[in-house]
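Notes for the one structure printed next.
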Amino acid sequence: MVVESSDNIIQDLSFSFALRIVKFYKHLTENKKVYVLSKQILRSGTSIGANVRESIHAQSSADFINKLSIALKEADETEYWLELLNASDIIDDVEFKSMSDDVKQIIGTLVKIIKSKKASAE
């Protein structure tokens, strides 16, 4: 399946990451037999993109910032679950680094967007 790219970098990053998370969840449940932690990372990892998508139709600047702030919290939670999976040797360092690098890029992008929007709202 080919997903067309939008002109919205955070929307593209978060959607691609959510797709990776869905596949990662499948890998964790089918190959590693990890069910509870995989459900946690599925929820937080896909919630990032859902909140980014909601921000597109925000009713105000404050609503926009709020939606992206929720996405940021979900990204931070996802990073926590990745760290826990790695520290408990459920995923190896290579799997961890790949996923962690992606979520850190999302976190950095969200922080920049939120700061910029707050500055322009002042």
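Couple of notes before you dig in:
- Residue-level accessible surface for residue 89, protein heavy atoms, 1.4 Å, Å²: 130 Å²
- In sequence order, calculated HN-Hα J values of region 108-122 (Karplus, 6.51, -1.76, 1.60; Hz; x Gly/Pro): x, 5, 4, 4, 4, 5, 4, 4, 4, 5, 5, 5, 6, 7, 7
- Taking every alpha-carbon pair under 8 Å whose residues sit at least 6 apart, the chain reaches a relative contact order of 25 percent.
- Using Cβ point charges alone (K and R +1, D and E -1), the dipole size of region 56-122 about the Cα centre works out to roughly 640 debye.
- Given a 1.4 Å probe and the protein chains as shown, residue 43 ends up with an accessible area of around 150 Å².
- Checking every one of the chymotrypsin sites (Phe, Trp or Tyr not before Pro) in region 16-113 against DSSP loop status and a limit of 15 other Cβ atoms within 10 Å picks out 35.
- From its DSSP helices (H runs of at least four residues, each -39,500 (n - 2.57)), the chain gives a residue-normalised ellipticity at 222 nm of -28500 deg cm²/dmol.
- Additional length obtainable on full extension of the chain from residue 12 to residue 93, 0.36 nm per residue less Cα span: 26.6 nm
- Of all accessible heavy-atom area on region 1-70, the percent that carbon and sulfur account for (1.4 Å): 55 percent
- Inter-part distance, region 56-122 to region 17-49, computed on C-alpha centroids, equals 16 Å.
- Backbone N atoms of region 85-122 closer than 14 Å to the 7 Å Cα→Cβ label point of residue 58 belong to residues 110-122.
- Region 49-62 - phi-based ³J(HN,Hα) in whole Hz, Karplus 6.51/-1.76/1.60, Gly and Pro as x: x, 5, 6, 4, 4, 4, 5, 4, 10, 4, 7, 7, 4, 5
- When the Cα positions of 121, 11, 21 are compared along the charge dipole of the chain, 121 comes out farthest toward the positive end, with charges on each C-beta of Lys, Arg, Asp and Glu.
- Computed from point charges on the beta carbon alone (+1 for Lys and Arg, -1 for Asp and Glu), the dipole magnitude for the chain about its Cα centre is near 240 Debye.
- Comparing 64, 84, 96 along the charge dipole axis of the chain, the residue lying farthest to the positive side is 64, per the Cβ-charge model.
The values are calculated or read from the model by the stated rules, or taken from the named source; none is laboratory data. Remember, predicted model here, so these are calculated numbers, not experimental data. Note that we place each Cβ from the backbone using ideal geometry, even for glycine, and neighbour counts take in every protein chain shown. Heads up: the accessible areas ignore ligands, DNA and RNA and are worked out on the full protein's heavy atoms, side chains in. Shrake-Rupley method; radii C 1.70, N 1.55, O 1.52, S 1.80 Å.
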